[in-house]
1. Rounded to the nearest 5, what is the percent of antiparallel bridges among the DSSP beta bridges in chain B?
2. Taking the alpha-carbon distance from B:LYS226 and a cut-off under 23 Å, which lysines remain once sequence neighbours fewer than 8 residues away in the same chain are dropped?
3. With a 10 Å cut-off between alpha carbons and a GNM built on chain B, which of B:ALA133, B:ALA208, B:ALA261 moves the most?
4. Using square roots of five times the C-alpha gyration tensor eigenvalues, list the equivalent-ellipsoid semi-axes of segment B:6-279 in whole Å, biggest first.
5. For the residue pair A:TRP2 and B:ASP152, what label-to-label distance in nm results when each label sits 7 Å from Cα along the Cα-to-beta-carbon direction?
6. Suppose each label sits 7 Å from its Cα in the direction of the beta carbon; what would the B:THR236-B:SER191 distance come out to in nanometres?
7. Report the gain in length on full extension from A:LYS215 to A:GLU243: 0.36 nm times residue separation, minus Cα-Cα distance, nm rounded to one decimal.
8. About the Cα centre of chain A, how large is the charge dipole given +1 on each Lys and Arg Cβ and -1 on each Asp and Glu Cβ? Please answer in debye to the nearest 20.
Amino acid sequence: MWICTQAFHVPKHGNAAEEYEDAFFPDRVSQRGLTAFRCAVADGASESAYAGEWAQILVRSFGRRRLRLAQNQRTWQRLVQGRPVPWYLERKLANGAHAALAGLLLRDRRQRNPRRGSWRAVAIGDSCIFHVRGDELLAVGPVCRSDDFDNNPYLVSSKNSGPLRRDDPHVSIVSGSWRLKDIFYLTTDALAQWILAEYEAGRPPWKFLRALGGKQKSFEAVIEDLRKSKALRNDDTTLIRVEVK
Amino acid sequence: MPYQAEISRDNPSCFLFLIDQSSSMSEEVSAGDGNQQKASGVADSINRWLQELSIKCAKSDGVRDYYHVGVIGYGRSVGPAFVGSIAGRDMVPISEIADCPARIEEKTSKIPDGAGGLVEQTAKVPVWFEPVADGGTPMCRAAMEGQRIIQDWVGQNPAGFPPIVIHITDGEATDGDPMSRMRSLSQLASSDGNVMLFNIHMSANPDATPVSFPDSADGLPDEYSKMLFETASPLTPTMRALAKEHRIKTTDKSRGFVLNADMVLLAQAIDIGTRPSNLT
């Protein structure tokens, strides 16, 4: 399996680059001969403290092996504890950090069919995964309509104990099969909502997303224009494009 | 569409409290699990609200100035009511408020331990505002002072989410008819809409029954209640949705007016008045 990926990201307008609280993994890959490939985006909740760090922990955990929530929570706890904090951070840290997560696992099935493989998507919250073949949207989730985004998605907490269970109603797990030249997009909520709105209006943005190539600057310019025209909410914005070649 | 401006550090919004500190605020009112002086209950509500707003705006690198807050008291005098190092200032960025409580008290309470028993929990309670009940009710002067502060603030932040003014009183103005002053205050506007004025009337009138966000002045017990209803701003759809969360019924003509608020309703009204904002 030959996988080519490219990640793009822009902080919320008005925020500094270091205040960006989405996360993605990996940054860029072009690798042949893979039997499995994992990638993820996460969106740290703006009302949490150390939410960007929590989002980073989640995408790296998912991308490198698999999500190990209890271990991830201990990592976050080690990161924030042991330093003196003002009164207002004490309770904030006690409440933990929260993040939406969307992860994708691609597997090669060459022994069965050289041009096909399987995929599995795991999502909690409102970061989304799109599976596109040519100009056709084959699958999208966990949010499927642009009107269905709200300000209170269920998020992964750095405080709740216990592993994520498959039967947890907040965990969305979907699987399918890919073919060569299929593309997957992983996005955080603002861009996912825009993509769905364009798609619902009969203007699927797939050509535009493909045409971004590998240029982060082009992505930044497009996002700025969309924000100015109010087509895109002002929020940290992240996209990973995954091509199966 | 008004009330759509995004609230950010570059484009903050503000809250102004106008607090009646006249001597009658020493009377007692129901506080859920007992009675409490009105002035103490109001001070507790405002301190708790300032604490929650500070925590809401806190990030790992400090508190972000999404809001500026002022608390003006009126009784023996009219003026800024913060205590501690921010005393004397009429509008203060939330980061400075968070960093400068006059003191931090520790309060213990018993909470369920999950195994049928109770366990003691200690919470830190910062204090910025003390209860005062002394003097008359110079509501006209308070409204004029509020107007001056909001006018200055809107001048500096012309595109901000409109200021929200929460006025808490138990009585009758002793310095004239405040109707026109209150109207002038609520007619101030940023480019995103008019100031939102909430009037919370902790009436001493024995005929007054509790009313939350009514849509007409019918049934209000006296001219003061009616004046406070008439000058309160209409609820926005977001505020109505929040009222519903608190199980309070409203209509599209409901106004930001509450009569005979006990301490529970006072906290609910402050929440409904101050939460609707595009803080992203």
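Values quoted throughout were computed directly from the atomic coordinates according to the rules given, and no laboratory measurement underlies them. A quick note: this is a predicted structure, and the numbers were derived from the prediction, not measured. Cβ atoms come from the backbone with ideal geometry, glycine included; neighbour counts cover every protein chain shown.
1. Among the beta bridges of chain B, antiparallel pairing accounts for roughly 50 percent.
2. B:LYS38, B:LYS249, B:LYS253
3. Of B:ALA133, B:ALA208, B:ALA261, the most mobile in the Gaussian network model is B:ALA208.
4. They are 26, 24, 20 Å, listed from largest to smallest.
5. It is 6.8 nm.
6. My value for the distance between the label points is 1.7 nm.
7. 8.5 nm is the gain from fully extending A:LYS215 to A:GLU243.
8. On the way: 39 positive and 28 negative charges, 310 e Å.
The calculated dipole for chain A is roughly 1500 debye.
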